[in-house]
Amino acid sequence: GAVVSQHPSRVICKSGTSVKIECRSLDFQATTMFWYRQFPKQSLMLMATSNEGSKATYEQGVEKDKFLINHASLTLSTLTVTSAHPEDSSFYICSASFAGGNEQYFGPGTRLTVT
Amino acid sequence: QKEVEQDPGPLSVPEGAIVSLNCTYSNSAFQYFMWYRQYSRKGPELLMYTYSSGNKEDGRFTAQVDKSSKYISLFIRDSQPSDSATYLCAMSPYNTDKLIFGTGTRLQVFP
């Protein structure tokens with residue numbers, strides 16, 4: 001149980017374009033979803049927290065107009081990287097938790113490369 | 001000082017060894033403690049979830065929490081090459097759903 005999927009697993013895009021990453025909880029309802037970014041050999045950096053039907057809460061230093069997060073249902077959240085630049089190239093990972101639970105279940109991650 | 005400290009390693013052990021991974025923390029409000037395993041280029045996988053002080057065992061894995069010392073450990077018995085991965089500790093206080101992660105310890109188990 002507690003499976004989270006992400007799509008796509010890998011994406012290459014040109015500078016200036018937008019990329020959408022989907023995160024789905026497959027076998028539970030995720031009241032809260034989280035988006036992280038991870039650089040090579042570093043730990044996870046929380047970007048934002050989203051609750052179903054509400055606006056996302058962004059961490060300090062994360063541009064909300066650049067990283068658009070939508071949590072339209074209890075099983076789906078999307079992260080859109082707008083006007084991507086090479087410095088946005090990274091490993092993006094989502095996680096989900098259910099009501100009353102502190103543990104988070106992670107997706108497999110999406111590797112974004114901006115050329 | 002970081003809220004959660006974890007030795008990045010790498011830690012290299014022979015197959016069959018007992019592995020001890022540790023984290024220390026400074027925030028006494030932390031109530032929930034987790035260990036995740038992350039293989040290269042994959043998302044973290046939840047291994048153990050504990051709250052308050054004490055031990056929890058699951059197969060070859062034992063999680064230990066000592067709140068008085070602000071110290072948590074993960075023990076892996078009979079380590080296998082397939083255990084080679086980065087192990088992340090994570091914790092959160094009672095009143096928030098955010099997790100604070102350690103930097104991760106890279107473990108290499110050689111045959």
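The values are calculated or read from the model by the stated rules, or taken from the named source; none is laboratory data. Just so it is clear, the model here is predicted, and its values are computed rather than measured. Note that we place each Cβ from the backbone using ideal geometry, even for glycine, and neighbour counts take in every protein chain shown. Accessible surface is based on the protein model in full, side chains and every heavy atom, while ligands, DNA and RNA are left aside. Shrake-Rupley method; radii C 1.70, N 1.55, O 1.52, S 1.80 Å.
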**OP:** Report the residue, chosen from B:L74, B:L47, B:L88, that carries the largest GNM mean-square fluctuation when chain B is represented by alpha-carbon nodes joined by springs under 10 Å.
**Re:** B:L47
**OP:** Would you mind telling me the share, in percent, of accessible area of chain B contributed by carbon and sulfur at probe 1.4 angstrom?
**Re:** 48
Original post:
Considering only protein heavy atoms, what is the solvent-accessible area of A:R10 at a probe of 1.4 Å, reported in Å² to the nearest 10?
Top reply: 150
Original post:
Given the range A:40-79, what whole percent of its Cα pairs are spread farther than 15 Å?
Top reply: 43
Original post:
So what does log10 I(q)/I(0) come out to for chain B at q = 0.13, 0.20 Å⁻¹, using the Debye formula with one equal point on every Cα and no solvent?
Top reply: -0.44, -1.03
Original post:
Given the C-alpha centroids of the range B:65-81 and the range A:11-38, what is the distance between them in whole angstrom?
Top reply: 32
**OP:** Bin width 5 Å, alpha-carbon pairs only: give the P(r) of chain A as whole percents, running from 0 to the bin holding the largest distance.
**Re:** 2, 13, 24, 26, 20, 10, 4, 1, 0
Subject >> the range B:20-97, relative contact order in percent, only Cα pairs under 8 angstrom and at least six apart counted >> reply: 41
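Using heavy-atom solvent-accessible surface (probe 1.4 Å) with all chains present, what is the largest-first order of A:I21, B:I100, A:I12? Can you show the working numbers first?
Details: A:I21 0, B:I100 50, A:I12 120 Å².
Ranked from most to least accessible, the order is A:I12, B:I100, A:I21.
Can you give the accessible area per residue of the range B:1-70, in Å², using a 1.4 Å probe? Working shown, then result.
Details: 3850 Å² over 70 residues.
Accessible area per residue, the range B:1-70: 55 Å².
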Original post:
PRE reach from B:Q108 (point 7 Å along Cα→Cβ): which of the range B:52-94 fall under 16 Å by backbone N?
Top reply: B:80-87
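Interface size between chain B and chain A, please: total buried accessible area, 1.4 Å probe, rounded to the nearest 100 Å². Write out the running numbers ahead of the final one.
Values: alone 6250 and 6290 Å², together 10980 Å².
By this definition, chains B and A bury close to 1600 Å².
Once the mean 1/r over all distinct Cα pairs of the protein assembly as shown is inverted, what Kirkwood radius in angstroms do you read off? Kindly include the intermediate steps, with their values, before the conclusion.
Details: mean 1/r = 0.0552 Å⁻¹.
With all distinct Cα pairs of the protein assembly as shown included, I get 18.1 Å.
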Subject >> Karplus (6.51, -1.76, 1.60) ³J(HN,Hα), θ = phi - 60°, over the range A:31-36, in Hz, Gly and Pro reported as x >> reply: 6, 10, 10, 10, 10, 10
Original post:
Per q in 0.14, 0.18, 0.20 1/Å, what log10 I(q)/I(0) does a Debye calculation on the alpha-carbon atoms of the range B:47-111 return?
Top reply: -0.47, -0.75, -0.90
Original post:
Which pairs in the list A:K66/B:K98; A:K41/A:K66; A:K20/A:K66; B:K2/B:K70 are over 19 Å apart, alpha-carbon to alpha-carbon?
Top reply: A:K66/B:K98; A:K41/A:K66
